[in-house]
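Below is one structure, written out as structure tokens; the observations come after it.
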Amino acid sequence: MTIPLVVVRGDGVGPEVVDAALAAASPLLDGFELVEARMGLTCYRETGSALPADTLEMLRDGGLALLGAVQTPPNAHYSSPLLRMRRELDLFANLRPVRDLRGGPVDLVVVRENLECLYAGLEGGNEDTALAIRVITRQNCERISRFALELARDRSEDHRKVTCVHKANVLAQTCGLFRDTFTRVSGDYPDVPVDELHADVCAMRMVMDPGSMDVLVTTNMFGDILSDLAAGLVGGLGTVPSGNIGERCAVFEPVHGAAPDIAGKGVANPAAAILSLAMLLEHAGDIDGGRRLSRAVESCVLAGETTPDLGGSLGTDAVARAVLHRLETDTVEG
Ligand code: ATP
């Protein structure tokens, strides 16, 4: 029996990196039936909808998806299909593992609440004053805290600390609820070390001592910013994967966006998309396949078989072929 895998190529570099990921991982995909769905700006221009109802249904039914990237223009009349997809499918956790594939000390995971905060879509005001409402609920604080603490248990003993990142000294109600809920829930996980940091101090610490960070759990906007900061520590957005995880479905995507400046040039780094597919495989139960695929990407980076953003000279497709080669011939270290 095959498992449906919904593939959404999206905009900009999305189609290039998704095709590269599927090619690189092809020996591991025999158990999946690939089903194509559409989302994003190109889809909006062609169909009038950035997230058509049939795409949502396919994601809901299929349960597993790989997404390239979608472009969201700064236009008050165009709302982000990504935010709507996360809300409609209740994808409450955004998981962003950031590792330095070049061998540096960074090996952290940002666990970001994915539905609320200032991204809840509640903006208003008049021409003189603009408002955005920050929504933080106990229910989501609780499930994101549990998600992070459970995830920490799967990490090696010396990389298991969960840091709650907030700004409760200023946002006493919203961040206060987040911090207090985390503190209460962490009582159920006596085997997981925990601490807390203000978001601004966390940003500084991340730059000055990134090796000291393991699992960071935080609200939506802080998580968005801190995970891009972390990406900057490991060579840019080209290698950072992510998963949007819910109780019934999960959508995996590179952290980077559509990157219109390099789209169509064949130079986009496919590593983030390949590693997103590796996360999908592990989530689907193929732990060995996912880890082998991740190690193949890592070996390529260490060998300099990379795109220009990481100092290499290969194009997107050549990197995919190099990863596939290492996967097939098992010339993978570690
Ligand atoms: P979004 O708001 O959708 O996250 P963005 O415009 O903030 O998008 P990205 O599209 O993610 O940002 O890209 C930021 C820059 O990072 C790009 O201009 C590009 O130069 C670089 N970049 C992003 N993805 C890749 C990639 N896969 N390979 C190489 N460089 C990339």
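The values are calculated or read from the model by the stated rules, or taken from the named source; none is laboratory data. Since this is a predicted model, take the numbers as computed values, not measurements. Reconstructed Cβ throughout: ideal geometry from the backbone, glycine too, with neighbour counts over all protein chains shown. Accessible surface areas use protein heavy atoms only, side chains included; no ligands, DNA or RNA. Shrake-Rupley method; radii C 1.70, N 1.55, O 1.52, S 1.80 Å.
Would you be able to say whether some residue in the range 142-150 is of a type in the set (G, A, S) and either more than 24 Å from A250 (Cβ to Cβ) or not assigned by TED's automatic domain parsing to the domain that holds R184 (or both)?
So far as the range 142-150 goes, no, none of its residues is of a type in the set (G, A, S) and either more than 24 Å from A250 (Cβ to Cβ) or not assigned by TED's automatic domain parsing to the domain that holds R184 (or both).
May I ask you to list the residues in the range 306-326 that are hydroxyl-bearing (S, T, Y) and open to solvent by less than 60 Å² (accessible area, probe 1.4 Å)?
T306, T307, T316
Which count do you get for residues in the range 259-276 that are open to solvent by less than 50 Å² (accessible area, probe 1.4 Å), more than 15 Å from I245 (Cβ to Cβ), more than 8 Å from the ligand (Cβ to nearest atom) and of a type outside the set (V, I, T)?
3
Taking the range 275-297 as the region of interest, how many residues are out of contact with any strand residue (DSSP E or B) (no Cβ under 8 Å at 6 or more places or on another chain) and of a type outside the set (S, T, Y)?
Qualifying residue count for the region: 14.
Take L280 and tell me if it is more than 16 Å from the ligand (Cβ to nearest atom), of a type in the set (A, V, I, L, M), open to solvent by less than 10 Å² (accessible area, probe 1.4 Å) and outside the structural domain of C164 (by TED's automatic domain parsing).
yes
Which condition does G236 not pass, out of (1) modelled with pLDDT under 95; (2) more than 8 Å from the ligand (Cβ to nearest atom); (3) not aromatic (F, W, Y), if it passes all the others?
With (1) modelled with pLDDT under 95; (2) more than 8 Å from the ligand (Cβ to nearest atom); (3) not aromatic (F, W, Y) applied to G236, the lone miss is (2).
Looking only at the range 34-50, decide whether some residue is without any contact (Cβ under 8 Å) to a residue 40 or more places away in the chain and crowded, with 23+ Cβ neighbours inside 10 Å.
yes
Of the residues V8, V13, V35, V18, only one is of a type in the set (V, I, T) and away from the ligand (no atom under 16 Å from the Cβ); which?
Of V8, V13, V35, V18, the one residue that is of a type in the set (V, I, T) and away from the ligand (no atom under 16 Å from the Cβ) is V35.
Is the range 203-224 home to any residue that is more than 16 Å from the chain's Cα centre (by Cα) and either among the β-branched types (V, I, T) or within 16 Å of the ligand (Cβ to nearest atom) (or both)?
The answer is yes, given that some residue of the range 203-224 is more than 16 Å from the chain's Cα centre (by Cα) and either among the β-branched types (V, I, T) or within 16 Å of the ligand (Cβ to nearest atom) (or both).
If G289 passes every condition in (1) within 12 Å of the ligand (Cβ to nearest atom); (2) in contact with a Pro (Cβ under 9 Å, 6 or more places away or on another chain); (3) open to solvent by less than 10 Å² (accessible area, probe 1.4 Å) but one, which one does it miss?
If we test G289 against (1) within 12 Å of the ligand (Cβ to nearest atom); (2) in contact with a Pro (Cβ under 9 Å, 6 or more places away or on another chain); (3) open to solvent by less than 10 Å² (accessible area, probe 1.4 Å), just (1) comes out false.
Kindly check whether there is at least one residue in the range 242-258 that is farther than 21 Å from R99 by Cβ, surrounded by 21 or more Cβ atoms within 10 Å (Cβ to Cβ) and within 11 Å of the ligand (Cβ to nearest atom).
Checking the range 242-258: at least one residue is farther than 21 Å from R99 by Cβ, surrounded by 21 or more Cβ atoms within 10 Å (Cβ to Cβ) and within 11 Å of the ligand (Cβ to nearest atom).
So is T329 more than 19 Å from the chain's Cα centre (by Cα), near the ligand (Cβ under 10 Å from one of its atoms) and either surrounded by fewer than 23 Cβ atoms within 10 Å (Cβ to Cβ) or in the same structural domain as E16 (by TED's automatic domain parsing) (or both) or not?
Taking the combined requirement at face value, the residue does not satisfy it.
Which of the residues spanning the range 165-199 are surrounded by 13 or more Cβ atoms within 10 Å (Cβ to Cβ) and either of a type in the set (S, T, N, Q) or out of contact with any strand residue (DSSP E or B) (no Cβ under 9 Å at 6 or more places or on another chain) (or both)?
L171, T174, L177, D180, T181, T183, R184, V185, S186
Here's the yes/no breakdown for (1) within 16 Å of the ligand (Cβ to nearest atom); (2) of a type outside the set (G, A, S); (3) open to solvent by less than 10 Å² (accessible area, probe 1.4 Å); (4) at negative phi:
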{"position": "Y78", "(1), (2), (3), (4)": "yes, yes, no, yes"}
{"position": "P81", "(1), (2), (3), (4)": "yes, yes, yes, yes"}
{"position": "M85", "(1), (2), (3), (4)": "yes, yes, yes, yes"}
{"position": "D90", "(1), (2), (3), (4)": "no, yes, no, no"}
{"position": "R112", "(1), (2), (3), (4)": "yes, yes, yes, yes"}
{"position": "E116", "(1), (2), (3), (4)": "no, yes, no, yes"}
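Being within 16 Å of the ligand (Cβ to nearest atom), under 30 Å from C202 (Cα atoms) and open to solvent by 10 Å² or more (accessible area, probe 1.4 Å), is that true of even one residue in the range 295-305?
yes
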